[in-house]
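Reading through the structure tokens given below for one structure.
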Amino acid sequence: MSPLGFLLVAAILAVPIAWLVAEFRGNRPLRITLGLLSLFLVGLCVWGLCSLLTRFNYNAWYGGATGDLIKTSIHQIEDGHLDRVLKVWRGLDQQYQPTYENRAHYNELVEQANRLMSGEQPIEPRSAWDTSAFKSETWVGHWEDDNGYWLVVNDVGRPFDVVRSGDPPTKMQSVSVSPDYTVLKFKEGEQWSHTLKLCNKYEATHEWFDVAKGSIWKTDTMHKLIRAAEEQKKMTQQEKPASLPK
């Protein structure tokens with residue numbers, strides 16, 4: 001225990017004893033002062049004990065719920081239900097909002113997640129647990145096909161701003177995205193209508209539609225370019241060349 005802790009314990013023990021002694025030998029103001037101070041210290045001790053017990057209870061409560069969630073997830077993945085586990089975890093991620101004001105219904109969410117992962121309760125279509133693997137952030141970035149044609153998508157606009165390659169680069173119009181973020185559409189002037197459909201987080205089919213002819217001109221695949229992490233760069237980092245003598 002720290003010195004401050006010893007002083008606090010000594011004060012808690014000494015003040016009530018001093019109050020008791022003052023009841024027989026002290027004057028009235030001293031008795032009142034020591035009595036009020038003793039009541040304050042007792043109240044402080046009760047508050048501290050309640051806080052400590054509440055913390056222990058919360059630790060046990062969260063620990064037990066989290067342990068059940070981990071066990072159920074591992075069991076269901078080992079039984080071949082990875083897709084169902086991922087869907088439930090996405091729903092849990094969207095619904096769980098940590099807050100200092102309450103426990104954010106963590107226990108209820110975990111209990112329902114366990115039932116859904118184990119198959120005891122079906123995942124209702126369009127419910128909070130029926131979530132897409134894609135989000136708004138999935139589209140944001142640089143997309144490019146095998147021929148060097150590229151698109152840059154950012155979330156500055158509503159829902160996105162899309163700029164394609166060219167000299168100068170051209171901003172697309174009438175940008176829209178499906179509710180599950182799997183399909184992105186936009187127009188290029190009066191001639192072209194573009195539709196991108198996600199195959200996964202890093203690939204999308206790109207359909208060019210000729211508005212004037214009313215037919216599809218071509219379909220290709222676009223890839224999302226990912227910046228190399230610093231750890232990857234270090235593996236091939238070159239030393240800076242020494243400056244050449246004058």
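The values are calculated or read from the model by the stated rules, or taken from the named source; none is laboratory data. Bear in mind the structure is a predicted one, so any value in this text is a computation, not a measurement. Cβ atoms come from the backbone with ideal geometry, glycine included; neighbour counts cover every protein chain shown.
Table: residues versus (1) under 30 Å from Trp129 (Cα atoms); (2) of a type outside the set (Phe, Trp, Tyr); (3) free of Cβ contacts under 8 Å to residues at least 12 places away in the same chain; (4) outside any strand (DSSP E or B).
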position	(1), (2), (3), (4)
Pro168	no, yes, yes, yes
Ser174	no, yes, no, no
Asp180	yes, yes, no, yes
Phe186	yes, no, no, no
Glu190	no, yes, no, yes
Ser193	no, yes, no, no
Lys197	yes, yes, no, no
His206	yes, yes, no, no
Phe209	no, no, no, no
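Within 22 Å of Lys71 (Cα to Cα) and not assigned by TED's automatic domain parsing to the domain that holds Leu82: which single residue out of Trp143, Trp129 fits that description?
Numbers: Trp143 fails: within 22 Å of Lys71 (Cα to Cα).
So the residue among Trp143, Trp129 that is within 22 Å of Lys71 (Cα to Cα) and not assigned by TED's automatic domain parsing to the domain that holds Leu82 is Trp129.
Matching residues to (1) surrounded by 13 or more Cβ atoms within 10 Å (Cβ to Cβ); (2) out of contact with any Gly (no Cβ under 7 Å at 6 or more places or on another chain); (3) of a type in the set (Val, Ile, Thr):
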{"site": "Leu82", "(1), (2), (3)": "no, yes, no"}
{"site": "Val88", "(1), (2), (3)": "yes, yes, yes"}
{"site": "Pro122", "(1), (2), (3)": "no, yes, no"}
{"site": "Trp143", "(1), (2), (3)": "yes, yes, no"}
{"site": "Gly148", "(1), (2), (3)": "no, yes, no"}
{"site": "Val156", "(1), (2), (3)": "no, yes, yes"}
{"site": "Arg164", "(1), (2), (3)": "yes, yes, no"}
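Of a type outside the set (Lys, Arg), within 28 Å of Asp130 (Cβ to Cβ) and at pLDDT 95 or above: does that describe Leu151? Even if it seems obvious, please write down each step before you answer.
On the way: of a type outside the set (Lys, Arg): yes; within 28 Å of Asp130 (Cβ to Cβ): no; at pLDDT 95 or above: yes.
Spelling it out, it is not the case that Leu151 is of a type outside the set (Lys, Arg), within 28 Å of Asp130 (Cβ to Cβ) and at pLDDT 95 or above.
Does the stretch 104-113 contain any residue that is assigned by TED's automatic domain parsing to the domain that holds Val85, surrounded by 15 or more Cβ atoms within 10 Å (Cβ to Cβ) and hydroxyl-bearing (Ser, Thr, Tyr)? Let's see the steps before the verdict.
Our first condition is that a residue be assigned by TED's automatic domain parsing to the domain that holds Val85; within the stretch 104-113, this holds for 104-113.
The next check asks that each one be surrounded by 15 or more Cβ atoms within 10 Å (Cβ to Cβ); those that pass are 106, 109-110, 112-113.
Narrowing the set further to residues that are hydroxyl-bearing (Ser, Thr, Tyr) leaves 106.
Yes, the conditions are met somewhere in the stretch 104-113.
Restricting attention to the stretch 177-215, which residues are under 22 Å from Gly157 (Cβ atoms) and surrounded by fewer than 13 Cβ atoms within 10 Å (Cβ to Cβ)?
Answer for the stretch 177-215, where residues must be under 22 Å from Gly157 (Cβ atoms) and surrounded by fewer than 13 Cβ atoms within 10 Å (Cβ to Cβ): Pro179, Gly189, Glu190.
Mind checking which residues of the stretch 167-176 are loosely packed, with under 15 Cβ neighbours inside 10 Å and either closer than 14 Å to Trp143 by Cβ or of a type in the set (Asp, Glu) (or both)? Can you show your working first?
At the first step, the residues of the stretch 167-176 found to be loosely packed, with under 15 Cβ neighbours inside 10 Å are 167-171, 173-174, 176.
Once the filter is applied, which keeps residues that are loosely packed, with under 15 Cβ neighbours inside 10 Å and either closer than 14 Å to Trp143 by Cβ or of a type in the set (Asp, Glu) (or both), the stretch 167-176 yields Asp167, Pro169.
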